[in-house]
């Protein structure tokens with residue numbers, strides 16, 4: 001670990017710790033039950049994640065705990081699936097070896113890191129973690145996300161070229177400071193009359209907009225906005241954020257939800273940024289109606305697969321909004337020049353013919369001579385619903401906001417995305433290899449043995465067989481079953 005860091009792992013030194021134990025400087029002793037997190041931390045160590053989160057923290061001048069330790073602690077909360085801040089003392093702070101791994105001293109674990117926590121047997125008061133989320137600026141958490149993506153790209157975890165642009169709601173109560181509000185009209189069924197009536201529904205909260213790489217499952221750019229804001233107005237800034245994080249040549253195809261249909265945005269994607277796209281057109285758009293009509297004529301490209309029957313249409317000119325802003329100022333003039341788009345109309349699904357006038361229409365900059373291939377590409381967009389949004393909400397507690405303030409919502413959301421992406425990469429074969437590389441630096445391969453213990457002393461830790469430890473404290477058994485006591489004494493520098 002870089003010496004410039006404010007915080008670092010305890011250093012493993014079995015010989016040093018053995019000497020400190022004999023001097024009476026033992027701080028903590030525990031079993032080797034780290035499980036998933038020890039390997040995951042080793043993965044984070046190997047890719048340099050702890051350097052990323054070792055930020056100054058402009059709002060932390062009076063806090064004695066380094067910000068990197070607060071962020072790490074909160075990240076562990078996310079990884080363990082702890083949904084409530086109230087559960088942290090019981091589910092996180094009781095694991096002494098894990099706290100030592102995070103970087104807390106024995107005194108902090110026993111007495112707390114400040115007066116608020118002293119005597120309560122917890123290293124950090126839960127409100128300190130909540131305030132950390134509030135004080136982190138949007139710039140700071142975005143820098144953490146950006147640096148994480150760049151690190152994952154550098155380590156060749158993000159190698160795909162197809163990405164998804166989509167959004168999901170992060171609901172809150174109306175008590176959340178800075179939250180958005182949206183009122184929509186919905187149809188509600190009345191049991192008494194058997195009719196549907198139109199009622200208003202009001203929701204509060206935020207909207208999470210992301211760009212997600214399909215192959216690696218890494219979120220490469222994200223933005224949290226008020227729930228009533230239309231996602232399309234943030235699309236271009238999000239693309240620029242992703243390009244900066246990935247490198248300009250990384251995005252070749254973008255799969256886009258219908259909520260982002262905007263002619264100027266799509267035009268810039270293809271003609272300025274050189275990014276191809278597939279987007280589902282809204283049903284009532286003029287270009288959709290036009291495409292359905294043209295699909296009934298000759299000169300189109302027909303295709304069929306196991307799932308779909310499709311018709312590809314080239315050079316549609318009926319979407320006049322597909323242009324640059326300057327040109328659209330002259331849209332009603334005779335010399336207005338429009339740009340063409342291709343379209344795919346889905347006429348059948350699993351041997352069932354779609355009713356005319358209700359066919360799904362996709363707009364794309366790709367070639368449509370094989371129209372089913374375009375639809376197959378777009379099918380990957382649906383993966384984001386289950387593998388990202390649903391998993392974030394059900395497994396990663398992204399909607400369990402720890403503090404009712406906008407800044408805390410943003411920090412919690414972005415940090416959750418960071419840990420989700422890191423875990424996705426860790427779960428790969430290459431991620432496991434990096435973790436094993438790091439774990440060898442921290443421990444023996446057989447650390448999980450029930451006969452092993454972890455001993456902390458000062459800034460060092462050691463891993464001993466229980467029989468080795470008996471030699472250190474001068475209470476050896478009559479018989480040794482796993483170690484050679486002479487060799488063990490030599491390894492640990494014990495003279496008697």
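Residues that are part of a loop (DSSP other than H, G, I, E, B), free of Cβ contacts under 8 Å to residues at least 40 places away in the same chain and surrounded by 14 or more Cβ atoms within 10 Å (Cβ to Cβ): does segment 287-297 have at least one?
Looking through segment 287-297, none of the residues is part of a loop (DSSP other than H, G, I, E, B), free of Cβ contacts under 8 Å to residues at least 40 places away in the same chain and surrounded by 14 or more Cβ atoms within 10 Å (Cβ to Cβ).
How many residues does segment 176-191 hold that are in a loop (DSSP other than H, G, I, E, B) and either in contact with a helix residue (DSSP H, G or I) (Cβ under 6 Å, 6 or more places away or on another chain) or more than 14 Å from residue 202 (Cα to Cα) (or both)?
3
How do the pairs read when you match residues in segment 1-24 that are within 20 Å of residue 491 (Cβ to Cβ) with residues anywhere that are assigned to a loop (DSSP other than H, G, I, E, B) and modelled with pLDDT under 90, using Cβ under 6 Å and keeping only pairs 6 or more apart or on different chains?
That search, which allows pairs on different chains as well, returns 10/459.
Among (1) part of a loop (DSSP other than H, G, I, E, B); (2) touching a strand residue (DSSP E or B) at 6+ places or on another chain (Cβ under 9 Å), there is one condition residue 284 misses while meeting the rest; what is its number?
Going through the list (1) part of a loop (DSSP other than H, G, I, E, B); (2) touching a strand residue (DSSP E or B) at 6+ places or on another chain (Cβ under 9 Å), residue 284 breaks only (2).
Per-residue answers, yes or no, for (1) exposed (fewer than 12 other Cβ atoms within 10 Å of the Cβ); (2) out of contact with any strand residue (DSSP E or B) (no Cβ under 8 Å at 6 or more places or on another chain); (3) modelled with pLDDT of 95 or more; (4) farther than 22 Å from residue 285 by Cβ:
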residue	(1), (2), (3), (4)
182	no, no, no, yes
220	no, no, yes, yes
242	no, no, yes, yes
249	yes, yes, no, yes
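Name the pairs whose Cβ atoms lie under 9 Å apart, with the first residue in segment 346-364 and on the phi > 0 side of the Ramachandran plot, the second modelled with pLDDT under 90 and exposed (fewer than 10 other Cβ atoms within 10 Å of the Cβ), and 6 or more positions between them or separate chains?
Note: pairs meeting the criteria are 350/306.
Please work out which one of (1) surrounded by 15 or more Cβ atoms within 10 Å (Cβ to Cβ); (2) touching a residue at least 40 places away in the same chain (Cβ under 8 Å); (3) more than 15 Å from the chain's Cα centre (by Cα); (4) over 28 Å from residue 50 (Cβ atoms) is the condition residue 232 fails and give its number.
(2)
Is at least one residue of segment 55-70 at pLDDT 60 or above, within 19 Å of the chain's Cα centre (by Cα) and either assigned to a helix (DSSP H, G or I) or at negative phi (or both)?
Yes, some residue in segment 55-70 is at pLDDT 60 or above, within 19 Å of the chain's Cα centre (by Cα) and either assigned to a helix (DSSP H, G or I) or at negative phi (or both).
Check 279, 225 and return the single one that is more than 16 Å from residue 341 (Cα to Cα) and either touching a helix residue (DSSP H, G or I) at 6+ places or on another chain (Cβ under 7 Å) or not in a helix (DSSP H, G or I) (or both).
The conditions single out 225.
Table: residues versus (1) buried (at least 22 other Cβ atoms within 10 Å of the Cβ); (2) over 30 Å from residue 345 (Cβ atoms); (3) without any contact (Cβ under 8 Å) to a residue 12 or more places away in the chain.
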residue	(1), (2), (3)
381	yes, no, no
386	no, no, yes
392	no, yes, no
395	no, yes, no
400	no, yes, no
407	no, yes, no
417	yes, yes, no
422	yes, yes, no
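Just the residues that are in a loop (DSSP other than H, G, I, E, B) and modelled with pLDDT of 80 or more, please, taken from segment 428-456.
428
Could you tell me whether residue 311 is over 36 Å from the mean Cα position of the chain (by Cα) and either closer than 23 Å to residue 255 by Cβ or part of a strand (DSSP E or B) (or both)?
yes
Could you pull out the residue among 324, 300, 310 that is in contact with a helix residue (DSSP H, G or I) (Cβ under 9 Å, 6 or more places away or on another chain), more than 30 Å from residue 156 (Cβ to Cβ) and surrounded by 22 or more Cβ atoms within 10 Å (Cβ to Cβ)?
Of the residues listed, the single one that is in contact with a helix residue (DSSP H, G or I) (Cβ under 9 Å, 6 or more places away or on another chain), more than 30 Å from residue 156 (Cβ to Cβ) and surrounded by 22 or more Cβ atoms within 10 Å (Cβ to Cβ) is 310.
Of the residues in segment 199-217, how many are touching a residue at least 24 places away in the same chain (Cβ under 8 Å) and over 20 Å from residue 379 (Cβ atoms)?
7
Within segment 460-496, which residues are at pLDDT below 85 and under 16 Å from residue 29 (Cβ atoms)?
460, 461, 462, 463, listed by residue number.
Restricting to segment 236-276, what's the tally of residues that are over 24 Å from the mean Cα position of the chain (by Cα), in contact (Cβ under 8 Å) with a residue 24 or more places away in the chain and not in a strand (DSSP E or B)?
Total meeting the criteria: 12.
The values are calculated or read from the model by the stated rules, or taken from the named source; none is laboratory data. A quick note: this is a predicted structure, and the numbers were derived from the prediction, not measured. Here Cβ is always computed from backbone atoms with ideal geometry, including for glycine, and neighbour counts include all displayed protein chains.
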